1. Quick test for you: out of Leu138, Leu125, pick the one residue that is over 16 Å from Leu8 (Cβ atoms), in contact with a Phe, Trp or Tyr (Cβ under 8 Å, 6 or more places away or on another chain) and modelled with pLDDT of 95 or more.
2. For Arg99, indicate whether it is at pLDDT 95 or above, out of contact with any strand residue (DSSP E or B) (no Cβ under 8 Å at 6 or more places or on another chain) and of a type in the set (D, E, K, R).
3. Given the condition in contact with a Leu (Cβ under 8 Å, 6 or more places away or on another chain), assigned to a helix (DSSP H, G or I), surrounded by 13 or more Cβ atoms within 10 Å (Cβ to Cβ) and of a type in the set (A, V, I, L, M), answer yes or no: does some residue in region 116-124 qualify?
4. State whether the residues of region 140-154 include one that is over 14 Å from the mean Cα position of the chain (by Cα), assigned to a helix (DSSP H, G or I), of a type in the set (Lys, Arg) and surrounded by fewer than 17 Cβ atoms within 10 Å (Cβ to Cβ).
5. Would you check which residues across region 1-27 are surrounded by 15 or more Cβ atoms within 10 Å (Cβ to Cβ), modelled with pLDDT of 95 or more and either touching a Leu at 6+ places or on another chain (Cβ under 9 Å) or among the hydroxyl-bearing types (Ser, Thr, Tyr) (or both) and list them?
6. Yes or no: Gly50 within 16 Å of the chain's Cα centre (by Cα), loosely packed, with under 13 Cβ neighbours inside 10 Å, modelled with pLDDT of 95 or more and at negative phi?
7. Could you go through region 65-76 and let me know if any residue there is out of contact with any Lys or Arg (no Cβ under 6 Å at 6 or more places or on another chain), surrounded by fewer than 23 Cβ atoms within 10 Å (Cβ to Cβ) and closer than 15 Å to Pro11 by Cβ.
8. Under 7 Å between Cβ atoms, which residue pairs at least 6 apart in sequence (or on different chains) link something in region 33-60 that is under 14 Å from Glu21 (Cα atoms) with a partner that is polar (S, T, N, Q)?
Amino acid sequence: MNTRVRHLADPTEAEIAQLSEVLIDCVEGGASVSFMLPLSSEKAHAFWGGVAADVRSGKRILLVADDEAGIAGTAQIALDMPENQPHRGDLAKMLVHRRARDRGFGAALLRAAEEAARDAGVSLLVLDTVTGGAGERLYQRLGWHRVGEVPDFALWPGGGFCATTYYYRKLA
């Protein structure tokens, strides 16, 4: 499958609504991505509105992958780093709607994020992901390096602790 990934430099209200749907679906599916159940559409929309502001100001890169129903996946690269880390970016909120899983969206988004980071002058990407989850398998398969695990790092959307694992990828 040839998955189309595109940059959103100025997300529209319609795109923010679709991104909100992806976020809500992921949280409802059990993804530990900073939000608890129930996640309202208003809260999701406010989150994506903040992301859109960061994108417009150059603090963040926003990528989306589309399927026949619209935005099916997304990834971000946070670029607003401390002054002693201008070479680093954080890969964040890589999300794929359940309708699009196991169709190559995650791999396409990750490859596009690495390329976008390189184009932005980033030579090191860092991320954290739920230990033992599908994301972890993807990152390992595509050459990311495992740093270590932090127990009880966050909560699952329905409650209860989950561990996170940190990864990095040198791009230069």
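1. Of the residues listed, the single one that is over 16 Å from Leu8 (Cβ atoms), in contact with a Phe, Trp or Tyr (Cβ under 8 Å, 6 or more places away or on another chain) and modelled with pLDDT of 95 or more is Leu125.
2. Details: at pLDDT 95 or above: yes; out of contact with any strand residue (DSSP E or B) (no Cβ under 8 Å at 6 or more places or on another chain): no; of a type in the set (D, E, K, R): yes.
Against the criterion (at pLDDT 95 or above, out of contact with any strand residue (DSSP E or B) (no Cβ under 8 Å at 6 or more places or on another chain) and of a type in the set (D, E, K, R)), Arg99 does not qualify.
3. yes
4. Looking through region 140-154, at least one residue is over 14 Å from the mean Cα position of the chain (by Cα), assigned to a helix (DSSP H, G or I), of a type in the set (Lys, Arg) and surrounded by fewer than 17 Cβ atoms within 10 Å (Cβ to Cβ).
5. Val5, Leu8, Pro11, Glu15, Leu19, Ser20, Val22, Leu23, Ile24, Asp25, Cys26, Val27
6. Considered against the rule, which asks whether it is within 16 Å of the chain's Cα centre (by Cα), loosely packed, with under 13 Cβ neighbours inside 10 Å, modelled with pLDDT of 95 or more and at negative phi, Gly50 comes out as yes.
7. yes
8. From region 33-60, the pairs are Ser41/Ser20; Ala44/Ser20; His45/Ser20; Trp48/Ser20.
The values are calculated or read from the model by the stated rules, or taken from the named source; none is laboratory data. Quick caveat: nothing in here was measured; it's all calculated off a predicted structure. Neighbour counts are summed over all protein chains in view; Cβ atoms, including those assigned to glycine, are modelled from backbone coordinates with ideal geometry.
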